[in-house]
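Values in this text are rule-based calculations from the coordinates and carry no lab data. Since we're looking at a predicted model, the values are computed, not measured. All Cβ positions, even for glycine, are placed from backbone atoms using ideal geometry, and neighbour counts span all protein chains on display.
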Amino acid sequence: MHLVAPSLLAADFGNLQRDIEMLNASEADWLHVDIMDGLFVPNFSIGTPVVQAIRRHAKKPLDIHLMVTDPGRYVSLFKKIGASTLTVHYEACTHLHRCIHQIKESGMKAGVCLNPHTPVHLLEPILPDVDLVLIMSVNPGYGGQSFISGSYDKIRKLNSMKQESGYDFLIEVDGGVDTENAPLLVEAGVNVLVAGNTVFSASDPPETIRQLKNI
Ligand code: DX5
Ligand code: ZN
């Protein structure tokens, strides 16, 4: 059974507690939290105090997506805040192996994320070490963009590498996920669907989460 992780980037930040409580009562499995540093991606999102506030209200695991340069600097910070999964970008991390092990040794699940232009075969040496691989299906930095169709092929390739080697990392997809492409993504091998605007722009967000969950 796949997981659904609504992305809080699309929530109403003026009513964050209300939106988190909606997710608490929904079929959502994780809360996806996007951290942007204005350097690795051309945008800022939220910082430590807001993530702490999210942690106080959320009754589900926090899936933190770090879109920051040199993410190894923040491993202990996010452990302290109470993250369950910490995902860093392949493109932002010079010492990826060290960083992934720091995350795991601190007791969080460790994820690695690929931008749309980065091929999955580059992950081969790190795959035995990760708990999760996040495939970006848009260029990171903004919500509400259209899904890049080449992502299906990357997910299929990654899933073959996973099956052939017998690894058990989760495959997560992020960007432009909706109720139309979600069944195809699950079929291609996705284990975790991230959805921002599809959930929060819906007239009935819990029902949309239910649809994404019951594929
Ligand atoms: C984009 C973020 C996503 C974003 C997805 O950089 O990583 O998590 O919130 O938003 P949608 O689902 O609207 O494309
Ligand atoms: Zn994200």
*Give the Rg (one decimal place) followed by the Dmax (whole number) of the chain, computed from C-alpha coordinates and expressed in Å.*
15.8, 46
_Reach of Lys80 by Cα under 29 Å, taken over lysines that are not fewer than 8 positions away in the same chain_ = Lys59, Lys60, Lys104, Lys109
*Mind sorting Cys93, Cys99 by how few other Cβ atoms lie within 10 Å of their own Cβ, fewest first?*
Cys93, Cys99
*Can you list which of the GluC sites (Glu not before Pro) found in region 127-202 are DSSP loop residues with at most 10 other C-beta atoms within 10 Å?*
Glu180
*Excluding Val133 itself, what net charge comes from residues whose Cβ is under 15 Å from its Cβ, given Lys and Arg +1 and Asp and Glu -1?*
-4
*Residue-wise HN-Hα coupling along region 189-204, computed from phi with Karplus coefficients 6.51, -1.76, 1.60 (Hz; x: Gly, Pro)*: x, 6, 9, 9, 9, 9, 8, x, 4, 4, 7, 7, 8, 6, 6, 9
*asked:* Sort Ser45, Ser149 by Cβ crowding within 10 Å, fewest neighbours at the top.
replied: Ser149, Ser45
*Provide Tyr152, Tyr90 in ascending order of the number of other Cβ atoms located within 10 Å of each residue's Cβ, fewest first.*
Tyr90, Tyr152
*If the chain between Thr48 and Ser76 were fully stretched, how many nm would it gain, using 0.36 nm times the residue separation less the Cα-Cα distance?*
8.9 nm
*Specify whether the C-alpha gyration tensor of region 65-133 places it in the rounded, prolate or oblate class, a ≥ b ≥ c being the square roots of the eigenvalues: rounded for a/c under 1.5, otherwise prolate if a/b is larger than b/c and oblate if not.*
prolate
*Sequence-separation-based contact order of the chain, relative, with Cα cut under 8 Å and 6+ spacing, percent*: 22 percent
